[in-house]
Each structure stands twice: as C-alpha cells, then as structure tokens.
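Novice: Shown below is the structure under consideration.
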Amino acid sequence: MDFKLITYHPKAADIGFFRSFSMEEAKKAQSYHASFPMYQTTPLCDLSSLARSLGVQSIQIKDESKRFGLNAFKVLGGSYALGCYIAEKLNCDISELPAEKILPEEVRKQLGELCFVTATDGNHGRGVAWTATQLGQKSVVYMPKGSATERLENIRSAGADASITDLNYDDTVRFAAKQAKEQGWVLVQDTTQESYVDIPLHIMQGYTTMGYELIQQLKEPPTHLFLQAGVGSMAAAVAAFFRSYYSENCPHIIIVEPHAANCFYRTAEANDGTLHSVGGDMNTIMAGLACGEPCSLAWDLLEHCAAAFISCPDYAAADGMRALAAPLDDDPALISGESGASAFGCALNILRNPELSVLKEQLKIGENSRLLFISTEGDTDKENYRRIVMEGAYSKA
C-alpha cells in the first residue's frame with residue numbers, strides 16, 4: 001500500500017496545557033496581523049459537489065494563497081515573531097504595538113538597525129523578508145540546495161539578501177543559526193532548542209490567526225481536520241488551537257507528511273518518547289514539507305492532539321493540485337501548490353480508492369463527516385505547478 005497510516009491515542013491534557021494557543025492568544029495574533037493595511041481574512045471554500053461525490057457531508061478548504069499578497073500562509077508566523085521581538089525590546093506587549101507603531105523612525109532609533117536571519121524552502125523566508133522590509137529592518141535568508149529559483153527571486157524582491165546553499169534543509173537551519181551567532185543577527189526559525197524557545201513559540205502563535213478566522217467562518221465544527229507537516233509548527237499550532245477551543249469535542253486531527261520526510265510519522269510509530277528524524281536529501285515535490293527533524297515543541301503538542309499520522313507518496317499531492325484546479329460542477333477552483341494540496345490530496349485518494357477503504361474506516365470517515373483542510377500555498381513555483389497540473393507529472397504509475 002502506497003499510504004501508511006498510524007492511528008494514535010493522544011495523551012491526556014487539561015485545557016491549561018494549550019493556554020499559549022487559546023482563543024485569547026489567537027485574537028492577540030489576529031489583531032496584530034489586522035493592523036497591517038493589506039490584511040484580509042482568507043476565504044474558506046466549500047466543495048459541496050466533491051463532498052457529495054465522495055459520500056461525506058462537507059469538504060472545506062481555507063485558501064492561504066490570498067494571504068498578504070504573498071501566496072502562502074507563512075508570513076503569519078514570521079511577522080508575529082518579529083513583532084513580538086520588537087515589542088519585547090521596547091518593553092511592551094505585542095497587543096500595545098500594532099504595525100503602524102513599529103514603523104515610525106523614532107522606534108528604529110531606539111532599537112538600532114536589526115537584521116533578521118532565517119533558513120527556508122521559500123514561503124517562510126519570503127514572509128520574514130516582507131515583514132522586515134515593512135518594519136524598516138534588514139533580513140538575510142538562506143535556502144537549501146534544490147530550491148526553486150522563482151522562490152529565491154521572490155524573497156529577494158521582498159527585500160532580503162537571499163541565497164541558495166549546497167546543504168539540505170536541516171543543515172541550512174544550522175548554518176543560519178551559526179551566522180546569527182557570529183554576526184549578531186536575530187534568528188527567526190520554528191525549530192526549538194533548549195535556549196531557543198520564545199521565537200519558535202511566537203511563530204507558532206502567529207499561525208493561530210488562521211484558526212481564529214476559521215472559527216468565525218465555520219457554520220458547523222469539522223469532524224476531521226487534516227494538517228500537513230514539515231517541522232510541524234503550523235500543524236501543531238492549529239491543532240492546539242482547535243483542541244483548546246473545542247475541548248473534548250475536538251475534531252479528529254490527522255497529520256500528513258511525504259514519505260521522504262515523515263519524521264512525525266516515524267516518531268508516532270516508534271512511540272518510545274524520542275523524536276525520530278529523517279536524513280539525506282529528502283527528495284519530494286512537497287518542498288515546504290521536506291524537513292527531516294521535527295520541532296520538539298510541535299511534537300509536545302501533537303502527541304496531545306493528533307488522532308492519526310499518515311505518510312503519503314508524491315502523487316497524492318499532485319492529485320490534490322489537479323482536483324482543486326479542475327473542480328466539479330459549481331465548486332470553486334483553487335490554485336494550490338505541492339505542499340498546500342498535500343493533505344487534501346491524501347484524503348482524496350483515501351476517499352475515492354476502494355483499495356484504501358481500510359484507511360477510511362480507521363479514520364472513521366462516513367456520510368456525516370465534515371472534512372476541513374488548509375491550502376497553505378498557491379503556485380509559489382509556477383513552472384513546477386504547470387508541469388504537474390497541465391502536463392500530468394507525478395501521476396501514479
């Protein structure tokens with residue numbers, strides 16, 4: 001079977017465990033994001049015709065390609081982390097410091113010239129670069145080998161000094177951290193270490209803006225929430241927010257990863273109290289998920305939230321991209337990139353392939369199920385998007 005699934009029994013936790021991802025914290029993040037003049041709530045798309053054809057009650061997808069004109073959700077995390085860092089330096093809370101109060105020249109005079117540095121496959125670095133430019137600061141961005149030139153140029157256009165390394169993603173993260181230490185720059189990364197927790201936490205809290213918006217948009221709570229994972233920060237943040245908000249009535253949360261970078265699947269499979277990594281080049285079309293080392297904070301949350309972990313082949317993401325681009329009947333079309341469509345494509349295969357019916361049963365999906373997804377990016381690599389959607393690349397053999 002091309003798809004691997006592990007059902008998981010989340011560890012018990014009271015709601016206080018998720019306090020950093022509560023509605024109160026999400027509202028704080030959303031208010032900060034809303035202080036940028038280009039802020040708009042991203043749409044929640046209802047694929048009712050597809051839902052009927054697949055025998056479920058509803059399928060809804062939040063379209064993050066509309067976020068801040070940057071074609072991806074990642075700016076939510078980087079922008080909030082930068083805002084929180086500056087607020088701390090000014091001895092105030094982020095709730096007292098909307099974007100327009102960070103912009104004045106006197107604020108930059110108090111702080112001096114800051115330089116924010118990060119490693120990225122594309123979307124996170126573009127968000128950090130965009131925010132640093134918006135706030136009148138500098139940024140340096142490093143990308144792993146094999147990164148798309150279009151993504152590099154988008155980051156440069158956002159104002160960063162950006163380059164592609166000859167390292168894989170996780171080694172690029174280490175290189176960025178080394179440069180931050182040597183140059184006196186501020187590292188903005190969603191990977192935690194013993195002495196590096198605050199910024200990763202703020203990045204994750206920034207993603208709860210999506211959760212806050214979803215609560216306002218949903219007419220009924222979902223029964224199943226599918227979330228794709230790289231280092232796990234987005235998946236864990238949204239999962240923790242839903243767990244905090246819905247408490248014991250939380251939907252089934254399913255984490256999806258590519259086979260080549262399935263570190264959370266491996267960690268759940270081992271279930272031995274240790275994080276399990278994936279090494280090497282991690283070749284997958286899901287570039288945004290090609291991360292071999294899980295964020296420890298993300299796992300701490302997911303082991304208390306997730307009901308299942310799935311490792312899937314690349315063609316699942318390609319199937320999702322094509323299905324969203326060519327919808328049934330009156331369903332809206334979505335432009336969703338390789339990582340953005342991964343969780344949806346995985347679920348699509350499970351629902352329409354009789355050979356995967358056992359996985360559908362394990363996930364407890366039936367006619368009353370309401371499935372929710374987040375398309376985390378649009379066509380951030382347009383050439384590859386066209387090759388997959390129009391030329392049929394990465395189809396199942």
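Novice: Please go through the range 1-48 and write out the trypsin sites (Lys or Arg not before Pro) that DSSP classes as loop and that have at most 13 other C-beta atoms within 10 Å.
Specialist: Values: sites: Lys4, Lys11, Arg19, Lys27, Lys28; in loops: Lys11.
Taking the range 1-48 and a limit of 13 other Cβ atoms within 10 Å, the loop trypsin sites (Lys or Arg not before Pro) found are Lys11.
Novice: Could you work out the Rg to Rh ratio of the range 75-199, with Rh taken as the Kirkwood radius (inverse of the mean 1/r over all Cα pairs)? List each step's numbers first, then the result.
Specialist: Values: Rg = 14.1 Å, Rh = 14.6 Å.
Result for the range 75-199 is an Rg/Rh of 0.96.
Novice: List the pair-distance distribution P(r) of the chain, using every Cα-Cα distance, as the percent of pairs falling in each 10 Å bin from 0 up to the bin containing the longest distance, rounded to whole percents.
Specialist: The percentages, shortest bin first, are 5, 25, 36, 25, 8, 1, 0.
Novice: List the lysines whose alpha-carbon lies under 28 Å from that of Lys28, not counting same-chain residues fewer than 8 positions away?
Specialist: Lys11, Lys62, Lys66, Lys74, Lys89, Lys101, Lys109, Lys138, Lys219
Novice: Please give me, ordered by residue number, the trypsin sites (Lys or Arg not before Pro) of the range 155-220 that lie in loop per DSSP and have at most 15 other Cβ atoms within 10 Å.
Specialist: Values: sites: Arg156, Arg174, Lys178, Lys181, Lys219; in loops: Lys219.
Here the sparse-neighbourhood loop sites are Lys219.
Novice: Show me the trypsin sites (Lys or Arg not before Pro) within the range 362-397 that DSSP assigns to loop and that have at most 14 other Cβ atoms within 10 Å of their Cβ. Provide the component values of the computation, followed by the final result.
Specialist: On the way: sites: Lys364, Arg370, Lys382, Arg386, Arg387, Lys396; in loops: Lys364, Lys396.
Those satisfying the criteria are Lys364, Lys396.
Novice: Longest segment of the chain with no GluC sites (Glu not before Pro) in a DSSP loop having at most 11 other Cβ atoms within 10 Å?
Specialist: 195-366
Novice: Let me ask something else. Rounded to the nearest 500, what is the 222 nm mean residue ellipticity of the chain from helices alone, with -39500 (n - 2.57) per DSSP H run of 4+ residues and division by all residues?
Specialist: Numbers: 16 runs with 167 residues, N = 397.
One gets -12500 deg cm²/dmol as the mean residue ellipticity at 222 nm.
Novice: I've got another one for you. Provide the gained length on full extension for the span Lys181 to Glu100, in nm with one decimal, where the gain is 0.36 nm per separating residue minus the Cα-Cα distance. Provide the component values of the computation, followed by the final result.
Specialist: On the way: separation 81, 0.36 × 81 = 29.16 nm, distance 2.97 nm.
Value of the extension gain: 26.2 nm.
Novice: By how many degrees, between 0 and 90 and to the nearest 10, does the Cα long axis of helix 123-134 differ from the longest principal axis of the chain?
Specialist: So the helix axis and the longest Cα principal axis differ by about 30 degrees.
Novice: Between Tyr80, Leu97, Leu135, whose Cα lies farthest towards the positive end of the dipole of the range 75-199 when Lys and Arg beta carbons carry +1 and Asp and Glu beta carbons carry -1, centred on the Cα centre?
Specialist: Towards the positive end, the residue furthest out is Leu135.
Novice: How much length is gained if the chain between Gln40 and Arg387 is pulled fully straight, taking 0.36 nm per residue apart and subtracting their Cα-Cα distance, in nm to one decimal?
Specialist: On the way: separation 347, 0.36 × 347 = 124.92 nm, distance 3.04 nm.
So the extension gain works out to 121.9 nm.
Novice: State, to one decimal in nm, how far the label point of Val107 lies from the label point of Asp198, with both points 7 Å from Cα in the Cβ direction.
Specialist: It is 1.7 nm.
Novice: Work out how much length Lys396 to Asp330 would gain on full extension: take 0.36 nm times their residue separation and subtract the Cα-Cα distance, in nm to one decimal.
Specialist: Values: separation 66, 0.36 × 66 = 23.76 nm, distance 2.71 nm.
So the extension gain works out to 21.0 nm.
Novice: Here's another thing I want to ask about it. When only C-alpha pairs under 8 Å and at least 6 residues apart count, what is the relative contact order of the chain, in percent? Don't skip to the answer; put the middle values down first.
Specialist: Details: 828 pairs, mean separation 90.9, N = 397.
Across the chain, relative contact order equals 23 percent.
Novice: Still on this model: Out of the DSSP beta bridges found with both residues in the range 75-199, what percent are antiparallel (nearest 5)? Please list the in-between numbers first.
Specialist: On the way: 1 of 12 bridges.
Here the antiparallel bridges make up roughly 10 percent for the range 75-199.
Novice: Output the 0 to 90 degree angle, nearest 10, between the alpha-carbon long axis of helix 314-325 and the longest principal axis computed from the alpha carbons of the chain.
Specialist: The angle comes out near 90 degrees.
Novice: Between Thr274 and Asp93, what is the label-to-label distance in nm when each label sits 7 Å out along the Cα-to-Cβ direction?
Specialist: Between Thr274 and Asp93, the simple spin-label model gives 4.2 nm.
Laboratory data are not the source of any read-out in this text; all were calculated from the coordinates shown. Quick caveat, the model's predicted, so the values are computed rather than measured. Glycine gets a Cβ as well: all are built from the backbone with ideal geometry, and neighbour counts include every protein chain shown.
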